[in-house]
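Below: one structure, written as structure tokens.
The values are calculated or read from the model by the stated rules, or taken from the named source; none is laboratory data. Source: prediction; values computed, not measured. Cβ placement follows ideal geometry from the backbone for every residue including glycine, while neighbour counts extend to all protein chains displayed. Surface areas here come from the heavy atoms of the whole protein model, side chains and all, with no ligands, DNA or RNA. Shrake-Rupley method; radii C 1.70, N 1.55, O 1.52, S 1.80 Å.
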Amino acid sequence: MAQKLTGSEIRKKFADYFARKGHEKISSSSLIPHNDKTLLFCNAGMNQFKDYFTGKAIAQNKRAVTIQKCVRAGGKHNDLENVGHTARHHTFFEMLGNFSFGDYFKEDAIRFAWEFLTEELKIPKEKLYVTVHYSDKEAREIWKKVAGLTDDKIFDKGDKDNFWEMGEYGPCGPCSEIFFDHGEEYTDKNLVRQNPNDLLEDELRYVEIWNLVFMQFEKTPEGKLTLPKPSIDTGAGLERVAAALQGCYNNYNSDIFKPIMDQIEKLSGKKYSDPKTQAAFRVVADHIRSSTMLITDGVIPSNEGRGYVLRRIIRRAIKYLNELGVKEISFYKLIPAVFESLGLEYPQNASNANLAEKLLELEERKFRETLDNGLKYLNEAIAKDVVKGVLPGAVAFKLYDTYGFPADLTEIYLRDHNINLDHAGFEKAMEEQKEQSRKSWKGALDMSDKVFHEVKQKHGVTNFVGYEKLSVEAKLLHIEKMGDQLGLIFDTTPFYGEGGGQVGDIGAIKLQNNIIAHIDDTQKPVDGLHVHLSKDADALEVGKSYTLEVDKKTRQLTMRNHSATHLLQAALIKVLGSHVKQAGSIVTSEKLRFDFTHLQAMTKEEIQQVENLVNDEIRKASAVDANVMSMDAAMKKGAMALFGEKYGDTVRVLTMGNFSTELCGGTHVHNTGDIGLFTILTETSLATGVRRIEATTSETALNYLTDRSHILKKIESLVQDKEEKAITKVENLYRDIKEKMKEIESLKDKIQNIESQDLFKNFEKHNGVDVCFAEANNGADLRKLSDLFSSKFQTAVLCLTSIDGDKVSVLLKAPKSSKVNCGEILKNNFGIINGRGGGKPDMAQGSGDKAQLVPFLATVKEQIIRSL
């Protein structure tokens, strides 16, 4: 009998079992893939180990075990539309995985999996079936030997199901899948078998719970090669394993989802057990997990990329909350229930829960407004776009894509009007959008830093002494040509490599006290390896020693700005709240730029308060201490981690008095007093929910404030008054100018009105409609003139031009009830005058070359008459 374990217990058992087998427990990577442009979201346990599998890097421990958070929504791997309507589709899920990087292979991988399932979890052996690649006779024999399976429980599959490839080229190999039999009552009675002997074609009854990938080949443009050190990548879906152990056919009925289902019941007053509402419950439960985990890993809702996929997930969930009768803004209220299940395994995500609550509340409020706009658009489309009782698919897709209306919701509204939906057109538009999305995220295996992995493997990490020294003797180990620069790698360096927002150090290379080359930047393409970039280091020789000297002035200014960034974040949290999280930063010698999560613009008072707090800490001259400790100890100390970042077992904790404690590997002042002065330059919007502050410190800040003081003195001199009185005078002058400008505009309008009486005289009548062609003076406001025309001649059509040198401006206007489509007519004819412009059916305008104005007007006139 299988053990009825909770999701949390399964996680622990899995990690403990593989730890006993010599595997190192590696924490989950962020849902935002690190240095991998080929992925939209992390969607498998192996993502963070890609460099080990490709050979770009060598693992310190050749065995690893992980509980990896994953999202499949958007891009190639997209389960979004199936969620809620099947027993096992999710946008967010957890992948249990064990890995071997050139250590054990098939026999151990199979033994570990079988032992864990049958002995640790006590799943009855008769409940388990396996597949192998048809060519992998070795795997079949191992299953028979290790698990005692007979041939009738091992099924051959082809490349589609049982051959795994990382990409077009790279590691690949056959795989073996383990299936769980949910029982005869779940047999797919409508199944038409392709192979009568293959039980596993019945995907309703037999469910894959674990996939073992045997990476034994490498695919190259020339063909397939056998790897000298084959590897193992496995993945078992936690939700599927939990459902099997708990006797649930449907993943959503397991304990993993229960806290969320209970909370949805409270919000909606509905029961999850009611078959009519189960799909909606499941969509909302799944989507609150993915939304919460994405936001707390650093994804912000937006109109592009990852943020756009997140926004669609949120909107889809709110639509289903609506179906459950929840009309109040409530989606964010489910977040505590998410962390009942996930909080212990992912504490960094749980620490950002406050931010997720604020962003989801904002998104729901915006979408409920969008929902009304979507219905308005649908009603307009029903009135004008329906052809022979069918709404075009492109219209339905716009409702889906822009307003978040799934096609089924659109159909419900259409039924009320006895209108059908063009499904083929909708699917075509959907496929075009998916293709565009695939192109946007298509990437290739990046091998550009392979050489640096090899250097690191050969020589080890660079000995960085830059926290204590700015000059050191170092041996040159490697020179790499990088475009018009040389990448220099030394055994030791005081040069800080760009990271954590801080730019790389600059400086000089000396020999016998003479500068022989300059370092223009320092990078870390591989963790722990410092690459010094130079354009004049051709004379340097590998194996020789040189003096490396960091530019002291630049480093000091950069350190002051970096330390000020820490004080700034702490001050922002104190003034604005705990939802403030760093969303990006750049620290240079000139200034600092800090992006942070906050839902609205800061007030002048808040900005001043933050600036004052930072300067107060600078005046206190508190000690700045850096200590290396375990991640657990750092969290207990209250250290702030970087949004969505993955850290190792040991971290560097930077403390500034009692004001700021953060994880940071950057260079800093020894005392906050060394910063000197802090001033905020700008506070602006970067995206919805993300603000940006630019600031500077020390002498740069002093110079900035001195320059502003000189400007104030100049203004005082001009208005012949001091400080506040000078400001009052400027405000009064500005108000007077605005009033005068209004008077001038009013006079212009009156003059234009008088001139228009002579302007609109030449009318032609076509099919009972008056058409006026008129030429206004250079600089005239064509739109205002057209409004005057419409107020006097409500049923007439106007074609108005204005010439300025060799250019001509054109405006075409017609009553809304007219058959004349101004936008279409101008669009069709702008080519004659090399023009650009556009507009709506009742008004359009643009400009072009004067030379072809006569034929242009003739064609426009002809099309107006034809329309009438």
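Before moving on, here are some points about what is shown:
- For segment 655-749, GluC sites (Glu not before Pro) meeting the loop criterion (DSSP other than H, G, I, E, B) and having at most 10 other Cβ atoms within 10 Å: none.
- Where labels lie 7 Å past Cα in the beta-carbon direction, separation of Val542 and Lys714 in nm: 5.6
- Here the extension length gained between Asn732 and Glu141 equals 203.6 nm, from 0.36 nm per residue of separation less the Cα-Cα distance.
- Hull-based mean projected area of segment 657-816, where the convex hull spans the alpha carbons, in square nanometres: 19.7
- Segment 134-207: trypsin sites (Lys or Arg not before Pro) in DSSP coil with no more than 10 other Cβ atoms inside 10 Å: Lys189
- If the segment from Asp274 to Lys469 were pulled out straight at 0.36 nm per residue, it would be longer than the present Cα-Cα gap by 63.3 nm.
- For a paramagnetic label modelled on Lys366 (point 7 Å from Cα along Cα→Cβ), amide N atoms under 16 Å away belong, within segment 310-326, to 310-319.
- Counting Cα-Cα pairs of segment 287-400 in 5 Å increments starting at 0 gives whole-percent bin shares of 2, 11, 20, 19, 16, 12, 8, 5, 4, 2, 1, 0.
- For the chain, with all protein chains in place and a probe radius of 1.4 Å, 49% of the accessible heavy-atom surface sits on carbon or sulfur.
- Share, in percent, of DSSP beta bridges within segment 489-642 that are antiparallel, nearest 5: 95
- One chain, two ends: Thr650 and Lys861. Fully extended at 0.36 nm per residue, the span grows by 68.2 nm beyond their Cα-Cα distance.
- Computed E for Lys748/Gln600 - FRET, C-beta separation, R0 51 angstrom, nearest 0.05: 0.85
- Residue-wise HN-Hα couplings along segment 49-63, as the Karplus relation 6.51 cos²θ - 1.76 cosθ + 1.60 with θ = phi - 60° gives them from phi, are 9, 4, 5, 5, 6, 7, x, 5, 9, 10, 6, 5, 10, 7, 10 Hz; Gly and Pro carry x.
- Here r is the Cβ-Cβ distance between Lys819 and Glu304 and R0 is 41 Å; the resulting FRET efficiency, rounded to 0.05, is 0.55.
- Here the spin labels are modelled as points 7 Å beyond Cα on the Cα-Cβ line, and at Lys535 and Asp625 they lie 4.5 nm apart.
- Nearest-20 debye value, the chain charge dipole, Cβ charges on Lys, Arg, Asp, Glu: 1120
- Violating pairs (Cα-Cα greater than 18 angstrom) within the set Lys50/Lys219; Lys456/Lys524; Lys481/Lys552; Lys13/Lys153; Lys271/Lys366: Lys481/Lys552; Lys13/Lys153; Lys271/Lys366
- Modelled spin-label separation between Phe793 and Asn195, with each label point placed 7 Å from Cα along the Cα-to-Cβ direction: 7.9 nm.
- When peptides 420-429, 599-608, 664-673 are ranked by their average number of other Cβ atoms within 10 Å per residue, the highest-first order is 664-673, 420-429, 599-608.
- Between His85 and Glu724, the FRET efficiency estimated from the beta carbon spacing at R0 = 60 angstrom works out to 0.35.
- Accessible surface, the chain, averaged per residue in Å² (probe 1.4 Å): 48
- Cα-based shape type of segment 83-220, given that a ≥ b ≥ c are square roots of the gyration tensor eigenvalues and the cut on a/c is 1.5: rounded
- Zone residues, segment 837-868, relative to Glu764, backbone N less than 17 Å from point 7 Å out along Cα-to-Cβ: 853-868
- Debye log10 I(q)/I(0) for the chain, one point scatterer per Cα, at q = 0.11 Å⁻¹: -1.34
- Relative contact order [Cα under 8 Å, 6+ residues apart], the chain, whole percent: 7
- C-alpha center-to-center spacing [segment 183-211, segment 315-362] in angstrom: 36
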